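**Student:** I'd like to ask you about the structure that follows.
The values are calculated or read from the model by the stated rules, or taken from the named source; none is laboratory data. All values derive from a computational prediction rather than experimental measurement. Positions of Cβ are backbone-derived with ideal geometry, glycine not excepted, and every protein chain shown enters the neighbour counts. Note: accessible area is taken over every heavy atom of the protein model, side chains too, but ligands, DNA and RNA are not part of it. Shrake-Rupley method; radii C 1.70, N 1.55, O 1.52, S 1.80 Å.
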Amino acid sequence: MTQKSANMSAAPAYAKLVDHAQKTGNLHLKDLLTDATRTDDLTFDHGGITLDFSRQNATSGTLPLLVCIELDTSSTRALRSARPPPHPHPHPHPQLDLARERGVESSITSMFNGEHINATEDRAVLHVALRAPRDATIFDKGENVVPEVWAVLDKIKAFSDTVRDGSWTGVTGKPLTHVVAIGIGGSYLGPAFVHTALENEPTAFAAAAGRKLTFLANVDPVDCVDALKDADPETTLAVIVSKTFTTAETMRNARTVRAWFKNKLGEASIAKHMVAVSTNLKGVQEFGIDPDNAFGFWDWVGGRFSASSAVGALPLSLQYGFDVFESFLKGMRDIDEHFASAPLEKNIPVVMGLFNVWNATFLERSTCAILPYAQALSKFPAHVQQLSMESNGKGVDMAGNPLPYQAGEIDFGEAGTNGQHSFYQLVHQGRVVPAEFIGVLKSQADVYLSEEASSSHEELLCNFFAQPDALALGKPADNPHRNFDGNRPSLSMLLPVLNAFTVGQLLALYEHRIAVSGFVWGINSFDQWGVELGKALAGQV
């Protein structure tokens with residue numbers, strides 16, 4: 001395996017890609033898109049999902065410069081085998097390309113093997129273990145962590161079943177039908193995205209009948225008022241999500257909700273109406289919650305990667321039932337196994353991550369628009385903002401040296417077609433913003449009107465397919481105000497349906513896409529020291 005340096009500027013492929021970026025700058029997408037072979041080479045399918053990269057500012061020679069030829073499969077065996085995976089075999093191909101030189105395949109293997117690739121905190125990065133099958137073996141410090149994961153999942157299933165079937169009641173004997181999840185950052189954005197994605201999906205909608213899930217994140221008291229305004233304390237269950245049980249905003253809101261229960265139902269209500277997702281059992285008990293009603297996770301789970309842990313499992317299982325949540329885990333597992341086993345040139349999250357590096361660093365485009373053409377995915381851009389910018393918003397390499405290039409990008413977005421009436425003006429005629437369009441072939445709930453030529457969802461999909469072409473091809477005009485230069489890059493992702501399984505696939509794709517970008521840039525995508533300074537100063541104030 002090629003030994004990689006701390007950042008990618010020393011890689012031979014780096015200079016080649018700098019030169020290649022200058023040459024491709026003179027090529028227009030309206031010409032590149034006439035090459036059917038190039039389009040085929042830049043279109044990928046896996047598990048019902050299609051990704052089209054043909055509208056990237058890239059030639060048929062760009063991908064070979066970015067992507068490695070072969071990936072050792074030991075990391076996928078870690079998901080299935082009872083034995084520790086073997087060491088990766090030597091790479092037999094002589095091609096010099098960025099992914100190989102940056103050791104992408106060895107980094108993937110190291111992650112699945114439980115090596116402490118989060119070097120600044122000396123931690124493993126094992127969110128993939130959260131959705132591994134029961135018989136998998138994934139190690140941290142010599143211990144297989146999968147049985148611990150399933151012990152928590154089994155506990156969540158048992159608890160959520162008793163709440164949902166009315167066996168567990170509130171202090172007055174009424175069933176608990178309204179869950180308020182109290183958390184911030186990764187303890188809020190991921191679960192809230194999944195909840196919004198599923199609340200109108202037919203299977204999940206039926207499973208959630210008569211139930212309500214609300215999130216409380218901001219320390220602004222208005223958010224607390226809003227979360228509780230329609231809540232009946234007799235039928236409400238609060239889930240406090242804080243790994244350390246010390247997160248300032250979360251604990252302030254938790255104390256406010258605890259006071260609300262006490263004032264309405266008395267001290268005894270806390271044990272029946274409040275549970276926790278935390279590793280700090282002492283803090284949970286001191287707060288007044290029975291430690292038996294705490295659901296744990298581990299220091300190898302970063303907050304922004306925790307939607308598949310108890311952080312998401314508990315509130316989502318309470319709302320939709322454990323079977324729906326387990327389908328979400330299976331979707332994530334499907335992408336995990338693809339990520340761990342597919343050759344890099346056919347590995348969708350790897351290709352996504354490498355084009356992310358191509359745009360952000362080599363083409364010097366500092367932004368990325370996440371554009372889901374599905375209202376159910378309206379909270380996905382906000383989750384990607386944290387997932388990407390908290391992971392890759394770094395200015396030093398793994399050795400602590402300043403990067404000689406820009407890493408990370410500014411992520412933003414909005415559901416289509418709303419965004420078209422907001423910021424698309426800039427995307428079409430202002431700055432060049434790489435865009436990531438996400439569409440769904442079959443709607444969760446379509447509307448057909450006899451007098452209309454197409455359904456509402458068909459009209460939405462027309463926009464989904466038209467916008468990437470409009471960005472790529474442009475439209476010349478004599479009037480400069482009406483001229484569209486085109487040549488603006490995008491990728492298009494099409495999901496067959498939007499259900500718990502495909503939502504899991506989507507989230508895992510982006511988790512791994514972001515990790516791959518970090519591997520190539522040579523940064524630690526799994527710490528977040530930049531979050532701490534403002535919080536420390538707020539305490540002093």
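**Student:** At 4 °C and 1.567 mPa s, what whole-number value in µm²/s does Stokes-Einstein give for the translational diffusion of region 474-541, with Rh from the Kirkwood sum over Cα pairs?
**Tutor:** 76 µm²/s
**Student:** Same structure, new question: When the helix-only estimate is applied to the chain (DSSP H runs of n ≥ 4, each -39,500 (n - 2.57), divided by the residue count), what is the mean residue ellipticity at 222 nm, nearest 500 deg cm²/dmol?
**Tutor:** Mean residue ellipticity at 222 nm (helix-derived): -12500 deg cm²/dmol.
**Student:** Over the chain, with every protein chain in place, what whole percent of the accessible area is carbon and sulfur at 1.4 Å, could you tell me?
**Tutor:** Using a 1.4 Å probe with all protein chains present, the chain comes out at 53 percent carbon and sulfur.
**Student:** Further question: Assuming a ≥ b ≥ c are the square roots of the Cα gyration tensor eigenvalues, decide whether region 135-201 counts as rounded (a/c under 1.5), prolate (otherwise, with a/b larger than b/c) or oblate.
**Tutor:** oblate
**Student:** Another one. Once you sort the root eigenvalues of the Cα gyration tensor of region 323-380 as a ≥ b ≥ c, which label holds: rounded (a/c under 1.5), prolate (a/b larger than b/c) or oblate (the other case)?
**Tutor:** Cα axes put region 323-380 in the oblate bin.
**Student:** Follow-up. Please list log₁₀ I(q)/I(0) at q = 0.13, 0.17 Å⁻¹ for region 92-207, using the Debye equation with identical point scatterers on the alpha-carbon positions.
**Tutor:** -0.81, -1.10
**Student:** Another one. Rg(Cα) of region 417-530 divided by 2.2 N^0.38 Å?
**Tutor:** In units of the globular-protein estimate, region 417-530 measures up at 1.36.
**Student:** Okay, moving on. With the contact rule set at Cα under 8 Å and sequence spacing of 6 or more, what percent relative contact order holds for the chain?
**Tutor:** 20 percent
**Student:** Moving on to the next point. Rounded to whole Å and sorted largest first, list the principal axis extents of the Cα atoms in the chain.
**Tutor:** 71, 64, 49
**Student:** Same structure, new question: Normalising by the residue count of region 204-294, find the relative contact order in percent from Cα pairs under 8 Å and 6+ residues apart.
**Tutor:** 26 percent
**Student:** Residues with amide H under 5 Å of Phe215's amide H, sequence separation 5 or more or different chain, H placed in the peptide plane at 1.01 Å from N; which?
**Tutor:** Ala181
**Student:** Report P(r) for region 383-482: all Cα-Cα distances, bin width 10 Å, range 0 to the bin holding the largest distance, values in whole percent.
**Tutor:** For region 383-482, the pair-distance distribution reads 11, 31, 29, 19, 7, 2, 0.
**Student:** Could you work out the per residue convex hull volume over the alpha carbons of region 309-348, in cubic angstrom?
**Tutor:** Cα convex hull per residue, to the nearest whole number: 63 Å³.
**Student:** What percentages make up the Cα-Cα pair-distance distribution of region 180-291 when the bins are 5 Å wide from 0?
**Tutor:** Spelled out per bin, shortest first, that is 2, 12, 22, 23, 21, 12, 6, 1, 0.
**Student:** Still on this structure: What do you get when you divide the Cα radius of gyration of region 318-455 by 2.2 N^0.38 Å, with N the number of residues?
**Tutor:** 1.29
**Student:** What angle do you read, to the nearest 10 degrees and between 0 and 90, between the alpha-carbon axis of helix 322-341 and the longest principal axis of the chain?
**Tutor:** Roughly 30 degrees between the two axes.
**Student:** Output wanted: per-residue J couplings in Hz (rounded whole) for region 530-541, from phi through Karplus 6.51 cos²θ - 1.76 cosθ + 1.60, θ = phi - 60°, x for Gly and Pro.
**Tutor:** Per-residue couplings from phi come out as x, 6, 7, 4, x, 5, 5, 5, 4, x, 5, 4 Hz.
**Student:** Return the sequence-ordered ³J(HN,Hα) values of region 363-378 in whole Hz as given by the Karplus equation 6.51 cos²θ - 1.76 cosθ + 1.60 applied to θ = phi - 60°, using x for Gly and Pro.
**Tutor:** 9, 6, 9, 8, 10, 8, 9, 9, 10, x, 8, 6, 4, 5, 9, 5
**Student:** Okay, next question. Classify region 248-314 from the C-alpha gyration tensor, please: rounded if a/c falls under 1.5, else prolate or oblate depending on whether a/b exceeds b/c.
**Tutor:** Prolate, since a/c reaches 1.5 and a/b exceeds b/c.
**Student:** Oh, and also: Accessible area per residue for the chain in Å², computed with a 1.4 Å probe and the full protein assembly in place, what is it?
**Tutor:** 40 Å²
**Student:** Which residues' amide hydrogens lie under 5 Å from the amide hydrogen of Val277, considering only partners 5 or more residues apart or on another chain, with H built in the peptide plane?
**Tutor:** Placed amide hydrogens put Ile240, Val241, Ser242, Phe295 under 5 Å from Val277.
**Student:** How much net charge surrounds Gly430 when only other residues with a Cβ under 15 Å from its Cβ are counted (Lys, Arg +1; Asp, Glu -1)?
**Tutor:** +3
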